[in-house]
1. If you scan region 110-135, which residues turn out to be in a helix (DSSP H, G or I), modelled with pLDDT of 90 or more and out of contact with any Phe, Trp or Tyr (no Cβ under 6 Å at 6 or more places or on another chain)?
2. Look at R11 and say whether it is at pLDDT below 95 and under 12 Å from L150 (Cβ atoms).
3. Show the residue pairs that are 6+ apart or on different chains and have beta-carbon atoms under 8 Å apart, the first residue being within region 44-60 and in contact (Cβ under 8 Å) with a residue 60 or more places away in the chain and assigned to a helix (DSSP H, G or I), the second being loosely packed, with under 15 Cβ neighbours inside 10 Å and not acidic (D, E).
4. Let me confirm something: among L177, L146, L150, which residue is under 25 Å from L237 (Cα atoms), within 16 Å of the chain's Cα centre (by Cα) and either crowded, with 20+ Cβ neighbours inside 10 Å or touching a residue at least 60 places away in the same chain (Cβ under 8 Å) (or both)?
5. Go through (1) assigned to a loop (DSSP other than H, G, I, E, B); (2) of a type in the set (A, V, I, L, M); (3) at pLDDT 50 or above and name the single condition L38 misses.
6. Within region 184-199, does at least one residue satisfy the condition of being in contact (Cβ under 8 Å) with a residue 24 or more places away in the chain, under 30 Å from K16 (Cα atoms) and buried (at least 17 other Cβ atoms within 10 Å of the Cβ)?
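The values are calculated or read from the model by the stated rules, or taken from the named source; none is laboratory data. Here the structure is a predicted model, which is why all the values come from computation and not from measurement. Ideal geometry is used to build each Cβ from the backbone, glycine not excepted, and the neighbour counts take in all protein chains shown.
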Amino acid sequence: MKAGEDARGVRSEKPKKLGLCVLCGLPAAGKSTFARALSHRLRQERSWAVGVVAYDDVMPDAFQEEASARPLPSQWKSLRQELLKYLEYFFLAVINGCQMSAPPSRTEAMWEDFLTCLKDQDLISSSALEAQSHYLLTKTAVSRPLLLILDDNFYYQSMRYEVYQLARKYSLGFCQLFLECSLETCLQRNGQRPLPVPAETIHLMASKIEKPNPEKNAWEHNSLTIQSPASASEARLKLTDLLLTALENPVKYVEENVEQKETDRIICSTNILHQADQTLRRIVSQTMKEAKGEQGFPYNLKLLAEELNKLKAEFLEDLRQGNKKYLCFQQTMDLSDVISFFHYEKDNIVQKYFSKQH
């Protein structure tokens with residue numbers, strides 16, 4: 001580890017003011033126009049380095065050629081997470097004062113659009129190093145307070161929380177701007193666009209949108225709702241105060257308590273083991289009662305009891321050690337799964353001794 005870096009490889013000798021601002025709202029609420037104006041003002045009045053990352057501009061072109069080609073929700077989620085990874089690589093370069101490297105796994109069209117976005121806003125420069133997938137940061141990016149504005153609908157709280165997690169991971173400033181606009185106005189503006197979003201999509205989004213809720217969620221306390229179009233003077237003062245507060249008070253990085261997580265896992269594992277032991281004992285006992293009612297040979301009953309008790313012991317050892325002899329398809333330690341698998345194996349054993357009766 002280099003001098004002046006913490007466990008995450010982040011330099012700590014001279015903290016730089018870095019922030020993420022989530023700009024959310026319905027399609028055609030005026031977010032992109034607002035973001036461009038805000039970016040220009042912050043550069044002129046504050047001399048900040050500002051980048052607007054519009055998700056619609058960075059997503060792969062193949063999905064934007066026609067409405068029928070739009071990806072499934074699962075694909076959108078994957079693309080959003082990939083874009084967050086790009087943002088993480090950029091912030092790592094800024095924090096460490098080094099070149100930005102390309103993620104080993106990436107969608108080429110999307111990565112190229114992301115690079116173009118940063119170049120156009122004077123955050124990375126073109127260089128011969130691009131052939132080696134390394135990109136030089138500009139002097140603007142490394143020498144000034146830096147704010148990235150993420151422009152998207154972000155209509156679910158979970159979408160915004162993913163951005164907050166990135167801010168927390170690298171102790172970045174974080175804030176949210178919700179651009180409030182009536183559904184009727186959004187539909188009217190959308191209809192005038194060259195490539196309008198389907199009206200039913202906007203209606204659906206309006207019914208599902210989860211506005212920032214600072215009273216309910218502590219992580220959303222740096223949030224501001226702005227009416228579209230915004231009233232210049234009052235909105236400007238509140239907005240400047242919000243952004244300054246975010247940059248001056250970055251989200252604190254919380255080190256995961258690995259030891260506590262392991263303790264919790266052991267306790268959970270022990271509890272399931274105890275429950276499984278009690279339940280499997282009852283199943284074996286009940287099976288032996290039923291077997292005696294079948295009036296089988298005493299020697300067979302003895303062998304059956306031995307096999308069932310051996311099966312019980314092996315299942316418990318499987319749970320304890322993770323040998324996966326019987327529970328090979330089990331992804332999580334769920335008691336109902338253990339019982340189901342045990343019943344299956346138990347029935348196979350019983351069938352051997354009482355096949356004529358069944």
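1. Of region 110-135, the ones in a helix (DSSP H, G or I) are 110-120, 128-132.
Subsequent filtering for residues that are modelled with pLDDT of 90 or more retains 110-120.
Answer for region 110-135, where residues must be in a helix (DSSP H, G or I), modelled with pLDDT of 90 or more and out of contact with any Phe, Trp or Tyr (no Cβ under 6 Å at 6 or more places or on another chain): M110, W111, E112, D113, L115, T116, C117, L118, K119, D120.
2. Spelling it out, it is not the case that R11 is at pLDDT below 95 and under 12 Å from L150 (Cβ atoms).
3. D56/Q64
4. Values: L177 fails: within 16 Å of the chain's Cα centre (by Cα); L146 fails: within 16 Å of the chain's Cα centre (by Cα).
Answer to the selection: L150.
5. Among (1) assigned to a loop (DSSP other than H, G, I, E, B); (2) of a type in the set (A, V, I, L, M); (3) at pLDDT 50 or above, L38 violates only (1).
6. no
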